[in-house]
1. Where nothing but the Cβ of Lys and Arg (+1) and of Asp and Glu (-1) is charged, how large is the charge dipole of region 207-335 around its Cα centre, in debye to the nearest 20?
2. Could you work out the local net charge near Lys274, counting Lys and Arg as +1, Asp and Glu as -1, over the other residues with Cβ closer than 12 Å to its Cβ?
3. Under 1.5 on a/c is rounded, so check that first for region 6-196, then, if it is not, pick prolate when a/b is larger than b/c and oblate when it is not; a ≥ b ≥ c are the square roots of the alpha carbon gyration tensor eigenvalues.
4. Helix 249-259: angle to the longest alpha-carbon principal axis of the chain, degrees 0 to 90, nearest 10?
5. Of all the accessible heavy-atom surface of the chain, with the other protein chains kept in place and a 1.4 Å probe, what percent is carbon and sulfur?
6. Can you give the relative contact order of region 6-196 as a percent, counting alpha carbon pairs under 8 Å and 6+ residues apart?
7. Counting Lys and Arg as +1 and Asp and Glu as -1, each charge on the Cβ, what is the dipole of the chain about the Cα centre in debye, to the nearest 20?
8. Could you put Glu220, Glu12 in order of accessible surface area, largest first, with the 1.4 Å probe and the full protein assembly present?
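The values are calculated or read from the model by the stated rules, or taken from the named source; none is laboratory data. Nothing here was measured: the structure is a model prediction, and the numbers come from that model. All Cβ positions, even for glycine, are placed from backbone atoms using ideal geometry, and neighbour counts span all protein chains on display. What goes into the accessible areas is simple: the full protein's heavy atoms, side chains included, and nothing from ligands, DNA or RNA. Shrake-Rupley method; radii C 1.70, N 1.55, O 1.52, S 1.80 Å.
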Amino acid sequence: MSRVTLSRYLIEQTRSNNTPADLRFLIEVVARACKAISHQVSKGALGGVLGSMETENVQGEVQKKLDVLSNEILLEANEWGGTLAGMASEEMDKPYQIPGRYPKGAYLLLFDPLDGSSNIDVNVSVGTIFSVLRCPGNCFSQNDSLGDEAFLQPGTKQVAAGYAIYGPQTMLMLTLGDGVMGFTLDRELGSFVLTHDNIRVPHSTAEFAINMSNQRHWDEPVKRYVSELLAGEEGPLGKNYNMRWIASMVADVHRILTRGGLFMYPWDAREPEKPGKLRLMYEANPMSFIIEQAGGAATDGKQRILEVEPTSLHQRVPVFLGSPEEVERVTGYHKG
Ligand code: AHM
Ligand code: MG
């Protein structure tokens with residue numbers, strides 16, 4: 001039986017449901033960059049790529065060498081192809097401008113080049129998360145530099161989103177707004193091969209993911225909900241729940257896509273002016289698009305994450321996503 005590679009899947013999408021050729025090319029290039037990042041990540045100590053830089057990113061976080069390298073790989077791979085009007089990244093304060101020597105295109109690419117990077121040095125799964133938006137109006141034909149505003153679109157406007165997970169296997173999970181497909185990297189062929197067709201998140205679950213060490217800082221609805229989960233069969237929910245926390249959103253979301261579950265990174269009182277830890281534009285939005293496309297749900301505790309109107313490029317948002325029954329329950333507790 002012939003195997004369906006990512007390239008073939010994308011070509012079939014172009015034929016059958018009008019995925020534009022430039023979007024197809026853009027996804028191919030992102031996938032190629034993810035292969036290069038996977039290669040670097042897998043070298044570990046042998047590649048001299050572990051450890052930290054002496055710099056901080058815009059969020060005041062210490063950058064790992066692989067954060068910086070992954071960012072450069074994505075920028076270099078995507079700047080020349082003529083599909084993009086600009087890029088934005090967790091690692092850069094301002095949008096990346098397409099150099100004048102290259103053509104511009106109709107799309108905007110946003111990414112977290114290496115999510116969960118605190119896990120790199122301990123050899124635990126990390127990943128790349130990406131989101132694709134259209135550049136509004138004809139902004140790509142202007143000569144002025146591209147400002148933050150072009151990117152500030154709600155997640156419902158995404159035309160594609162995905163993540164690559166660098167774990168025991170390297171996989172690419174992709175949505176073009178018509179379900180979620182999973183591709184596994186065949187290292188001998190050098191191709192992503194379709195291995196998980198039309199992934200569905202189970203409606204109910206008995207597994208949750210949250211960093212329990214922050215419990216004392218949560219607000220009341222989250223404290224109540226998690227205490228009910230912990231109460232198990234004897235508590236109001238009447239069933240026992242299991243807990244997992246990898247501290248790598250790609251790995252936690254990947255488990256939820258595979259066997260269901262609930263992922264939570266709520267607001268907490270450690271930095272009360274910041275609404276949570278995760279970033280809306282290149283973490284929460286693409287992951288919410290993928291989860292919804294797989295039949296799951298994603299809210300900030302009050303509303304669909306995909307409907308949050310962004311106000312800044314690096315804004316943060318509380319995240320509750322996964323199996324709809326539990327997302328709805330915890331969202332209901334926020335409504336009182
Ligand atoms: P990063 O983008 O700086 O790697 O941070 C995001 C990561 C997520 O992958 C993960 O869910 C979360 O941070 C873990 O946070 P914590 O260390 O507070 O548990
Ligand atoms: Mg991240």
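1. On the way: 16 positive and 18 negative charges, 48 e Å.
In debye, rounded to 20, region 207-335 gives about 220.
2. On the way: positive: Arg270, Lys277, Arg279, Arg316; negative: Asp268, Glu271, Glu273.
Counting the neighbours of Lys274, the net charge comes to +1.
3. Details: a/c = 1.90, a/b = 1.15, b/c = 1.66.
Oblate shape, in that a/c is at least 1.5 and b/c is the bigger or equal ratio.
4. Relative to the chain, helix 249-259 is tipped by roughly 70 degrees.
5. 49 percent
6. Working: 334 pairs, mean separation 28.7, N = 191.
Worked out over region 6-196, it gives 15 percent.
7. On the way: 32 positive and 41 negative charges, 127 e Å.
The dipole magnitude comes to about 620 debye.
8. Values: Glu220 125, Glu12 75 Å².
These residues rank, largest area first, as Glu220, Glu12.
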